[in-house]
Amino acid sequence: MRKLINGMTYWDKKDNPFDLTPLREDIETDVLIIGTGMSGTLSAYMLSQVEGLKIVMADAKNIAEGSSSANTGLLQVMSDTMLSEFIDKIGEEKARSFHKMCEAALDDLFKIDERLGLDNLRRRKSLYCASTPEDVEKIKKEYEAQRIQGMSVSYLTEEEALRMYRVKCPCALLTEGDADMDPVAFIRGVTKHNLKEGVTIYPNTEIDLDSVKENTIQTFTGHTISFRYCIFATGYAKKYNLVRDMISISRTYVLVSTPLKHEPWPEEVMIWETKDPYLYLRTSKDRRIIAGGLDEDVDEVMNDEVYIERKMEELKKDVSAMMADELLLDVDHSYNALFGRVKDGLPLLGADPTKSNHFYILGYEGNGTVYSMAGAKIIQNLIKGERDPFREIVKLDRE
């Protein structure tokens, strides 16, 4: 089993509330979902609304213990690639449609949170900072693209960013309507609902992904699962041959501070920047600072504790360099984890072009939760035989 995370995430401290058993026999189902993280859980939620479908989930680990446990819970309409950059890359119509997909997905996440009474998501503003004076024109171009899109966005000068949010940068975009979350608590809350809706879940059941055929797949314990539809929601655990040439896996670092007594910066806006790799900051409900970045083009986790400690100190210095006011960060949790990127900056969502009953939700890039929601909705539409307005943009065999 591929190791995806090294260290203790902030979300890990909560005990798993489910008493579920691994698969111990051959079974048949309408839908098999491989993965019980964000993508798999949202897929099960959406498909449980389709009458008459028997849904089974299986995971090599326990619920939300894979890629999703490293999720830092920033939910944004804007992705790592700016809207203005997408317009230049894929054309204005597709770029703006993709942006609308992300807006709709974020709205859907809020609807789920409200419908299930989870009280998990918090509305947040995002401050996107120019890392250098050379990036000012990029920020101005992005401001125009988002303004035309109808986003609630403001352009802040260096003086305004400093005065309003105590952030040091040449200029910034202030975007409203984003959010943050506790991803593991959200997954568990939705899972409780899914179980009530009749979804069957088998944790600690590792699937031999290479054994998949049109309507069957094997577990490593020798059991057969027969299905009509199969959804691969395995995070960064496997590079599928279907998309191997389109993706890359990297390593990132995250620290979580002890709780602070006071608001660390005005409105606790989410903060990120234009450079690559970029630094990003958010707060938790108990007023911890969650900071991440220092990405490396390496597809395995770091185990050297001395090296990891050096990275944590580097993160702390980067935070201090960005903020006008001194922040004394005592690190309570730290970890490094794998994440995925796609060459064109778009997620990989939808049907296998050679097997129409096999689906993938590969929410690579830095907006994975939003992509998971979008992918779950696309796959629901595909299984129902309904048209989806976004499927062509994020399909696996796009040119």
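The values are calculated or read from the model by the stated rules, or taken from the named source; none is laboratory data. Here the structure is a predicted model, which means the values were calculated and not measured. Backbone-built Cβ (ideal geometry, glycine too); neighbour counts: all protein chains shown. Note: areas computed on protein heavy atoms with side chains; ligands, DNA, RNA excluded. Shrake-Rupley method; radii C 1.70, N 1.55, O 1.52, S 1.80 Å.
Kindly indicate whether residue 187 is assigned to a strand (DSSP E or B), of a type outside the set (Gly, Ala, Ser) and surrounded by 15 or more Cβ atoms within 10 Å (Cβ to Cβ). Before the answer, list the steps.
On the way: assigned to a strand (DSSP E or B): no; of a type outside the set (Gly, Ala, Ser): yes; surrounded by 15 or more Cβ atoms within 10 Å (Cβ to Cβ): yes.
When the stated conditions are applied, residue 187 does not pass them.
Determine whether residue 121 is touching a His at 6+ places or on another chain (Cβ under 8 Å) and open to solvent by 10 Å² or more (accessible area, probe 1.4 Å). Please lay out each step first, then the result.
Working: touching a His at 6+ places or on another chain (Cβ under 8 Å): no; open to solvent by 10 Å² or more (accessible area, probe 1.4 Å): yes.
Against the criterion (touching a His at 6+ places or on another chain (Cβ under 8 Å) and open to solvent by 10 Å² or more (accessible area, probe 1.4 Å)), residue 121 does not qualify.
Taking the criterion of being within 16 Å of residue 170 (Cα to Cα), free of Cβ contacts under 8 Å to residues at least 40 places away in the same chain and not basic (Lys, Arg), the residues of the range 100-145 that qualify are 133, 134, 136, 137, 143. Residues that are of a type outside the set (Ser, Thr, Tyr) and either closer than 14 Å to residue 81 by Cβ or not in a helix (DSSP H, G or I) (or both) within the range 133-152 comprise 138, 141, 142, 145, 146, 150, 151, listed in sequence order. Selection of the range 153-184 for residues being open to solvent by less than 10 Å² (accessible area, probe 1.4 Å) and either among the basic types (Lys, Arg) or part of a helix (DSSP H, G or I) (or both) yields 161, 165, 183, 184. The set of residues from the range 78-99 being closer than 12 Å to residue 149 by Cβ, under 21 Å from the mean Cα position of the chain (by Cα) and modelled with pLDDT of 95 or more comprises 82, 83, 86, 95, 96, 97, 98, 99.
Evaluating residue 111 against the criteria (1) surrounded by 19 or more Cβ atoms within 10 Å (Cβ to Cβ); (2) part of a helix (DSSP H, G or I) leaves one unmet condition, (1).
Residue by residue through the range 381-394, note down the ones that are more than 18 Å from the chain's Cα centre (by Cα) and either assigned to a helix (DSSP H, G or I) or among the charged types (D, E, K, R) (or both). The answer is 381, 382, 383, 384, 386, 387, 388, 391, 392, 393.
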